[in-house]
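Engineer: Take a look at the following structure, please.
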Amino acid sequence: MKKLTFFLVLFTLTLTGTLFSQNLNDGYKKIDYISVSQSEVSSFMNLAVNDLTNAYQQLIAESDLIDWRLYYVEYPGGEKSGYNFVSIASAPDLATFEDIFSDISANRYVPPEAQISSLSNKIVKTELWKVEDAIGDSSRNQNNPSKYMTMDYMEVSQGKYPDYLMLEDEVAKPIHSERINEDIMAGWEVYSLITPGGVEYGYNFATGNYYDELSNIEYGFTDEIINQAMGENANIPELFNTIYETRDLVKIELWKLAAHTE
């Protein structure tokens, strides 16, 4: 009976979810995790950020690149994560990344036009992600992107990929839409990791959650928001149990926007 109730809710949400569909799940992201020595963070912000922004702006004008953003990792701070900046380039296909970053170099996130080799920075790791689902203007409102982003890393068992994506689309998505309507969230995306991978990597999915104000991060899946999205008869404990059964939340990081293209 519990499963019947839950899937009736899913059927209702499927109909509701079409109202929020914006066909944004057609892109790819190249994420580079960068370590900058503390003594050169100011130089990296003042010099490299400008050079990178101009170089990426030129690439957007000349190639299929959609946009680029640079984030400062606020939490966890210090040396906990091993990196303190994150570069995210968005494109409609993987071939765009290959065309731009085909040259082998120490800084694979730096376009050929940017000159920042004098700064002490290194790439800790590089990941390629596919955007599976999205709402809001998180990667399309390039002139005024959100100030904050949380990256929620998930581990999903191989046989549960379809179940996880279904729950994100048919359960989480309408709830996040309500949060956006209430102006406590600016955008939301679901990503699947293309490479690297393997059982020892630690995660294979993630959600990007965008906020204009830091204070909005604490307003999550409240009962009020869930009831507004799903109706007063929603079985909230059963809903969360089903979500928890599909994935393990590995970690959450808070990033602050440092630079971006327009």
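The values are calculated or read from the model by the stated rules, or taken from the named source; none is laboratory data. These figures come from a predicted structure and were not determined experimentally. Every residue, glycine among them, receives a Cβ derived from its backbone with ideal geometry; neighbour counts consider all protein chains shown. The accessibility values were calculated without ligands, DNA or RNA, using every heavy atom of the protein model including side chains. Shrake-Rupley method; radii C 1.70, N 1.55, O 1.52, S 1.80 Å.
Engineer: Restricting to the stretch 155-176, and then to whatever is acidic (Asp, Glu) and in a helix (DSSP H, G or I), can you tell me which residue is modelled with the lowest pLDDT?
Structural biologist: Residues of the stretch 155-176 acidic (Asp, Glu): 155, 163, 168-170.
Within this subset, residues satisfying the condition of being in a helix (DSSP H, G or I) are 163, 168-170.
Values: Asp163: 91, Glu168: 90, Asp169: 90, Glu170: 84.
By that ranking, first place goes to Glu170.
Engineer: Working only within the stretch 115-129, note down all residues that are touching a Ser or Thr at 6+ places or on another chain (Cβ under 9 Å), at pLDDT below 80 and open to solvent by less than 50 Å² (accessible area, probe 1.4 Å).
Structural biologist: Result: Leu119, single match.
Engineer: Output the residues belonging to the stretch 177-196 that are charged (D, E, K, R) and assigned to a loop (DSSP other than H, G, I, E, B).
Structural biologist: Listed by number, the residues that qualify are Glu182, Asp183.
Engineer: Which of the residues spanning the stretch 29-56 are open to solvent by 10 Å² or more (accessible area, probe 1.4 Å), under 21 Å from the mean Cα position of the chain (by Cα) and over 15 Å from Asn84 (Cα atoms)?
Structural biologist: Lys29, Lys30, Thr53
Engineer: What number goes with the only condition from (1) at pLDDT below 90; (2) in a strand (DSSP E or B); (3) of a type outside the set (Ser, Thr, Tyr) that Ile226 does not pass?
Structural biologist: (2)
Engineer: Also: Among what's in the stretch 165-202 and is more than 19 Å from Ile252 (Cβ to Cβ) and of a type in the set (S, T, N, Q), pick the residue that is least open to solvent (accessible area, probe 1.4 Å).
Structural biologist: For the stretch 165-202, the residue satisfying everything is Ser177.
Engineer: Moving on to the next point. Sort out which residues of the stretch 57-79 are open to solvent by 60 Å² or more (accessible area, probe 1.4 Å), in contact with a helix residue (DSSP H, G or I) (Cβ under 9 Å, 6 or more places away or on another chain) and closer than 18 Å to Glu262 by Cα, and write them in order of number.
Structural biologist: Answer for the stretch 57-79, where residues must be open to solvent by 60 Å² or more (accessible area, probe 1.4 Å), in contact with a helix residue (DSSP H, G or I) (Cβ under 9 Å, 6 or more places away or on another chain) and closer than 18 Å to Glu262 by Cα: just Asp64.
Engineer: Please work out which residue is surrounded by the fewest Cβ atoms within 10 Å (Cβ to Cβ), limiting yourself to the stretch 80-99 and to residues that are small (Gly, Ala, Ser) and within 20 Å of the chain's Cα centre (by Cα).
Structural biologist: Gly82
Engineer: How many of the residues in the stretch 203-223 are open to solvent by less than 30 Å² (accessible area, probe 1.4 Å), modelled with pLDDT of 90 or more and either among the charged types (D, E, K, R) or in a loop (DSSP other than H, G, I, E, B) (or both)?
Structural biologist: Counting residues in the stretch 203-223 that are open to solvent by less than 30 Å² (accessible area, probe 1.4 Å), modelled with pLDDT of 90 or more and either among the charged types (D, E, K, R) or in a loop (DSSP other than H, G, I, E, B) (or both) gives 2.
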